[in-house]
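One structure below.
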Amino acid sequence: MTSLTGQPVPAHRAGAGGPTPHGQVGPPSVPEKKDHERVGARGVLTLIALGAAAVIALWWYSTPGVSGLGGWLTGAGEILGLLAGYGVVVLVALMARLPPLERGIGTDQLARWHAMGGRYVVSIVVAHGLLILWGYAVEAHTTVLSETATLLTQYPDVLMATVAGFLLLGVGIVSMRAVRRRVRYETWYYLHLYTYLAIALAFSHQFAVGQSFVNNLAARFWWSAMYLAVAAAVLWYRVAVPLRAFARHGYTVIGVKSEGPGVISVYIGGKHLDELAAEPGQFFRWRFLTRSLWWSSHPYSLSAAPGTDVLRITAKDIGDHSQALSRLRPGTRVIAEGPYGAFTAGRSGRRVLLLAGGVGITPLRAMFSTLPGPVTLIYRASREQDIVFREELDAIATARGATVYYLVGSRAEIGGDPLSPKMLRSLVPGLEQQEAYVCGPPGMISAAVEALRAAGVPRRQIHFESFEF
Ligand SMILES: Cc1cc2nc3c(=O)[nH]c(=O)nc-3n(C[C@H](O)[C@H](O)[C@H](O)COP(=O)(O)OP(=O)(O)OC[C@H]3O[C@@H](n4cnc5c(N)ncnc54)[C@H](O)[C@@H]3O)c2cc1C
């Protein structure tokens, strides 16, 4: 069935709240954003670039002079080695769940930087090894093969660093898109943890043979401090904070509800949940402590505004984990890491357009009931039965004077692109003035962002969240 239905409701009722996780209508509650926790992407990238410049300055300071081909090759190899040693720390820091980065930049953007940076770092590690071998061989007037044997057997800690280099290369290969698509997420994730082993194995050769460190105590001190600070952040934010939250909030499954074919909601109860300052649009990583699920945590967005004693997530069953959620029993304990994500309402005061595709409705459903001011929700689904929360959305629209459109059916059935600039302009008057939030499958997100741009919405007014890291 093809349907394009609108439900405009008078604007004077805007501002009323939507159903809470329990279904009652309550006042909107958007927690205040903590501005001190917000950092800009440009600021972080500048800081990373300044760090890289400091690393090159360290090499410059500790290198008296470079001469001959061997000297130049070795010098280039040393610079790349230092950059690789710095780069792995940056990569780990991006994934350390640091609140200012998670809130200011967003997990999906951080994951994209991490993936791109990972490709650079692995290439730099390989180039570092090759240049050092070549440079040392030229300086020793021997072959690269015999210099390789010398380095591996006679230079302290170089063998361990070589193993580390191969581990990093292996992780890099498994993370390549074509390979990653073929392995299970969990396989990829646990192989990825070998990165920590690689970093530990490679650490000591930097001080043992690195020209910039051998005679420079201050450099060794600050380099170690950088590694220790990031290790402490990882342990704190990825281990201690979730365990502390587990003890403090006592997250427990209180119910599971079917929302439609293959889609269920899980209600998670807890104490002092207001302390989390979770915002509609954010997500948590959920570790359900059952025999089959305890060992992996999966990200799911809040699908309703967070309450003081209950949170709701809604999942589509696309694999092992999401399917198992429907079998959760009340009383199951949960470790929840979060809240994470920067896909939250800004304070621009503009009208808001929410654009959802499929299960991408979840964070937008939470925002729909809480955003202040006039809001339009466009919900794209292939089939009528794939629309979830229809009753809730209609009730929210009525209560707060918002507009909701359901664009249902294939392109062929609808007779064109339902998310074309023309269609968007016809549904949303004054579109180019609006703040747009998009969530859905990757293809739908790029099509929607392109259509919004073509319709005249500036890029800074378009926000999107991808369910793929
Ligand atoms: C920020 C964010 C918010 C999300 N919110 C929702 C939501 O509200 N509702 C919903 O239905 N889905 C949501 N997802 C997607 C959800 O996490 C995956 O569908 C789920 O983890 C799939 O796991 P699986 O074992 O069922 O399927 P699998 O077949 O194992 O995985 C399917 C795909 O999901 C991704 N995935 C699997 N496990 C993870 C993981 N631990 N971390 C990141 N990605 C993973 C991988 O890309 C994988 O290829 C969200 C994802 C992200 C990144």
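For the modelled label position 7 Å from the Cα of residue 139 along Cα-to-Cβ, which residues of region 56-83 have backbone nitrogen atoms closer than 15 Å? Output list for this probe position: 59-60, 62-82. Near the amide H of residue 377, within less than 5 Å, lie the amide hydrogens of 354, 403, 404, 405, all on another chain or at least 5 residues away, with H placed in the peptide plane.
If the chain linking residue 450 and residue 45 were pulled fully straight, counting 0.36 nm for each residue of separation and taking away their Cα-Cα distance, it would gain 143.3 nm. Residue 162 exposes around 50 Å² of accessible area when a 1.4 Å probe is run over every protein chain in place. Helix-only arithmetic for the chain: the sum of -39500 (n - 2.57) across DSSP H runs with n ≥ 4, divided by the residue total, places the mean residue ellipticity at 222 nm at -15000 deg cm²/dmol.
Evaluated at q = 0.25 Å⁻¹, the base-10 log of the normalised Debye intensity for region 91-185, with identical point scatterers placed on the Cα atoms, takes the values -1.22. Think of a 1.4 Å ball rolled over the protein heavy atoms: the chain then has 48 Å² of accessible area per residue. Couplings for region 105-115, taken from phi via the Karplus curve 6.51 cos²θ - 1.76 cosθ + 1.60 with θ = phi - 60°, read 10, x, 4, 5, 5, 4, 5, 5, 4, 4, 5 Hz in order; Gly and Pro are left as x.
Here the contact order of the chain, divided by its residue count and restricted to Cα pairs under 8 Å and six or more residues apart, works out to 20 percent.
Of the beta bridges in the chain, as assigned by DSSP with both residues counted there, near 60 percent are antiparallel.
FRET efficiency for the pair residue 180 and residue 323, taken as 1/(1 + (r/R0)^6) with r the Cβ-Cβ distance and R0 = 25 Å, rounds to 0.75.
Computed on region 267-424, with alpha-carbon pairs under 8 angstrom and 6+ residues apart, the relative contact order is 21 percent. Computed 3J(HN,Hα) for region 379-384, one whole-Hz value per residue from the Karplus formula 6.51 cos²θ - 1.76 cosθ + 1.60 where θ = phi - 60°, is 10, 9, 9, 6, 10, 4, glycine and proline marked x.
Compared with the alpha-carbon gap, the fully stretched path from residue 426 to residue 57 is longer by 127.2 nm at 0.36 nm per residue.
Between residue 258 and residue 148, the modelled label-to-label distance comes to 6.1 nm, taking each label 7 Å out from Cα in the direction of the beta carbon.
How high is the FRET efficiency between residue 191 and residue 67 when r is their beta carbon distance and R₀ equals 45 Å, given to the nearest 0.05? Plugging the Cβ-Cβ distance into 1/(1 + (r/R0)^6) gives 0.55. What does the charge count near residue 350 come to, summing +1 for each Lys or Arg and -1 for each Asp or Glu among other residues with Cβ under 12 Å from its Cβ? That sum, taken over residues with Cβ under 12 Å, equals +1.
Around the amide H of residue 271, modelled in the peptide plane, lie the amide H atoms of 250, all under 5 Å away and 5 or more residues distant in sequence or on another chain.
Placing unit charges on the Cβ atoms of the charged side chains and taking the dipole of region 179-260 about its Cα centre, the candidate lying farthest along the positive direction among 207, 227, 197 is 197. Along its principal axes, region 151-195 has C-alpha extents of 41, 17, 9 angstrom, given from the largest down. Working from the Cα coordinates of the chain, the gyration tensor eigenvalues give, after taking √(5λ), semi-axes of 49, 24, 21 Å in decreasing order.
With the charge dipole of region 94-148 set up from +1 on Lys and Arg Cβ and -1 on Asp and Glu Cβ about the Cα centre, the Cα lying farthest toward the positive end among the listed residues 143, 129, 118 is that of 118. Rounded to the nearest Hz, the phi-derived 3J(HN,Hα) couplings of region 117-129 under the Karplus curve 6.51 cos²θ - 1.76 cosθ + 1.60 (θ = phi - 60°) are x, x, 4, 5, 5, 4, 4, 5, 4, 5, 5, 4, x, where x marks glycine and proline. Placing +1 on the Cβ of every Lys and Arg and -1 on the Cβ of every Asp and Glu, with no other charges, gives region 80-213 a dipole of roughly 720 debye about its Cα centre. Both radii were evaluated on the Cα set of region 251-367; the Rg over Rh quotient, with Rh as the Kirkwood radius, amounts to 0.97.
Put a plus charge on the Cβ of each Lys and Arg, a minus charge on the Cβ of each Asp and Glu, and nothing anywhere else: the dipole of region 327-465 about its Cα centre is then about 260 debye.
Between residue 383 and 409, the built amide H atoms are under 5 Å apart, and every one of these is 5 or more places off in sequence or on another chain. Computed from point charges on the beta carbon alone (+1 for Lys and Arg, -1 for Asp and Glu), the dipole magnitude for the chain about its Cα centre is near 720 Debye. In the chain, a dipole from Cβ-located charges (positive for Lys and Arg, negative for Asp and Glu) runs towards its positive end, and of 188, 172, 332 it is 332 whose Cα lies farthest in that direction.
When both bridge partners sit in region 301-407, DSSP labels roughly 10% of those beta bridges antiparallel. Counting only protein heavy atoms and a 1.4 Å probe, tell me what percentage of the chain's accessible area is made up of carbon and sulfur. Using a 1.4 Å probe with all protein chains present, the chain comes out at 63 percent carbon and sulfur. On full extension, the segment bounded by residue 412 and residue 333 gains 23.8 nm, given 0.36 nm per residue less the C-alpha separation.
Could you tell me whether region 370-461 comes out rounded, prolate or oblate from its Cα gyration tensor? Rule is a ≥ b ≥ c as square roots of the eigenvalues, rounded for a/c under 1.5, then prolate if a/b exceeds b/c, otherwise oblate. The shape class here is oblate.
The values are calculated or read from the model by the stated rules, or taken from the named source; none is laboratory data. Quantities reported herein were computed from a predicted structural model and do not represent experimental measurements. Every residue, glycine as well, gets a Cβ built from its backbone with ideal geometry; the counts of neighbours run over all protein chains shown. Accessible surface areas use protein heavy atoms only, side chains included; no ligands, DNA or RNA. Shrake-Rupley method; radii C 1.70, N 1.55, O 1.52, S 1.80 Å.
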